[in-house]
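Data block below; observations after.
The values are calculated or read from the model by the stated rules, or taken from the named source; none is laboratory data. Because the structure is a prediction, the values reported are computed rather than measured. No Cβ is skipped: glycine too gets one built from the backbone with ideal geometry, and neighbour counts run over all protein chains shown. Protein only, heavy atoms only, side chains kept; ligands, DNA and RNA dropped before computing areas. Shrake-Rupley method; radii C 1.70, N 1.55, O 1.52, S 1.80 Å.
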Amino acid sequence: MKPMPVGVDIAKNVMQVHFIDKATGKIFNKSIKRDKFLEFFTNRSSYLIGMEACGGAHHWARQLIRLGHTVKLMPGEFVKAFNIRNKNDTADAQAIWHAVQQPGKAVAVKTEQQQAMLALHRIRSQLMKFRLMQTNALHGLLAEYGEVMRKGHASLVKNVPEILCRLSERLPVVLIDTLREQLKEVERTDSRITDIERRIRELSKNDPGVKAISEIPGVGLLTATAAVASMGSAEAFRSGREFAAWVGLVPRQTGTGGKIQLLGISKRGDKYLRKLLVNGAYSVIQNARESGPWITDLLKRRPINVASVALANKMESYGLCWRTAGPTRRKLLLTEYLHYEITVYKQNVNRLRKQCM
C-alpha cells in the first residue's frame, strides 16, 4: 500500500499542511504551530511528506524520518509549476502536495555533520568576500596618494607598512592610524580563514568519501569536503553524469520538432561547488607539466575556460563513482578515465612513426 501523500509548506513559526484523507475523501489544509508540528505526525501511519528544500527543511526532514515517515525534498522551481493560484501558504501547501506525487529528482536529506561542514564553507566564503573588499579599499585609497602595488592581499600585507611610513610625513595622523587599523583587519580576516580551513580538515579527517575524492587530480580538501557534504547521499544519483548535471556542468537544451540544440552549461545547482570544481580544473590545465592529449586537442578548438568546465564535468562525474567504489572498482575507473587519452596518444605515436619511415 502506497503511503498517503502530504504537502507541507514550512515557515519560521507556522507550518501549512495539506492532504486528502483516503478513507473519507476529506480535504485537510490547516496551519500548525511550530511547537505542535511534530506532535501532529506522531503515532500516525507512514506518510509520504513533501517539502520545499529551503531553510530548515533538512532539520524537519530528519525529525519526520525518525517518526517513520518518508520525506521527499524538492527544489522550489519544481514546486512552483503546480501553483496555479495566488501566492499564499494554502496554495503553496497544495502545490507541494501535487508535486510530491510526480516523478522527479528529490534533494537528498543531509545529516547534521554534512550541514556543519557546509556551514564552515559558507562562513569561509563570506570571509573571503570581506577580505577582498578590504584589500580593494586599501588599494584604491593608497592609489589616491600615488602609491600602487601588485594585485592581491599578499602583496598588500607586505608593502603597506612601508608605504604608510612614507605617507605619514605628509598625511594626517588620524588617516594613517585608520589605514593601519584596516590593514590589521585584513590580517585578522586571514587568520580566521586559516582557522576555518584547519577546522574543515579536522572535521573531515575520518571521512572515507573525502579521502576517496581527494585522490582525483584537481580536487583538494575544500572541493572534496564541499562535494561530499552537498551531495548528501551518493546513492541518490544513478550515475556520475547525473551528479554533474545536478551541479550544473552540462549543456542546456532547447529545440522542437526533434531538433535539439545544445547551449552553454545550465548553471543549475550549487554555485559554490561548481566554482570550486571549475577552478580546480583550471589549475590542473595551467600547472600540469604535460597536458593529456584530450585536453591538448580540446584547447586547440576551445578557449581555456571552456576546457576547464569540460574537465570539471569529467572530474565530478568520476568523483561520485570514485566515492562509492572499492579499490578494485577505482582501478577500473582510473583506467576508463585515462583510456581515451592513452588511445589518442598511441594513435599520435603511430602516425609519427609512419611519417618518419
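What to note about this one:
- Selection within the stretch 248-264 - at pLDDT below 85 and under 15 Å from the mean Cα position of the chain (by Cα): LEU249, VAL250
- Taking the stretch 249-269 as the range and being surrounded by 18 or more Cβ atoms within 10 Å (Cβ to Cβ) and not in a strand (DSSP E or B) as the test, the residues that pass are LEU249, VAL250.
- Screening the candidates SER308, SER291, SER317 for the property of being part of a helix (DSSP H, G or I) and at pLDDT below 80 yields one hit, SER317.
- Residue among MET149, MET133 that alone is among the aliphatic types (A, V, I, L, M), modelled with pLDDT under 90 and over 27 Å from VAL247 (Cα atoms): MET149
- Contact annotation: residue pairs with Cβ atoms under 8 Å, 6 or more positions apart or on different chains, pairing a residue in the stretch 117-128 that is touching a residue at least 60 places away in the same chain (Cβ under 8 Å) with a partner that is among the polar types (S, T, N, Q), are MET117/SER204; MET117/THR225; LEU118/SER230; HIS121/THR225; LEU127/THR189.
- Residues satisfying the stated conditions in the stretch 207-233, i.e. at pLDDT below 85 and surrounded by fewer than 17 Cβ atoms within 10 Å (Cβ to Cβ): PRO208, LYS211, GLU215, PRO217, SER233
- Screening HIS139 against (1) farther than 28 Å from ILE196 by Cβ; (2) more than 25 Å from the chain's Cα centre (by Cα); (3) surrounded by 14 or more Cβ atoms within 10 Å (Cβ to Cβ) leaves a single unmet condition, (1).
- Residues satisfying the stated conditions in the stretch 176-194, i.e. open to solvent by less than 50 Å² (accessible area, probe 1.4 Å) and without any contact (Cβ under 8 Å) to a residue 40 or more places away in the chain: ILE176
- Residues that are open to solvent by less than 80 Å² (accessible area, probe 1.4 Å), more than 19 Å from HIS58 (Cβ to Cβ), of a type in the set (A, V, I, L, M) and under 29 Å from the mean Cα position of the chain (by Cα) do not occur anywhere in the stretch 111-122.
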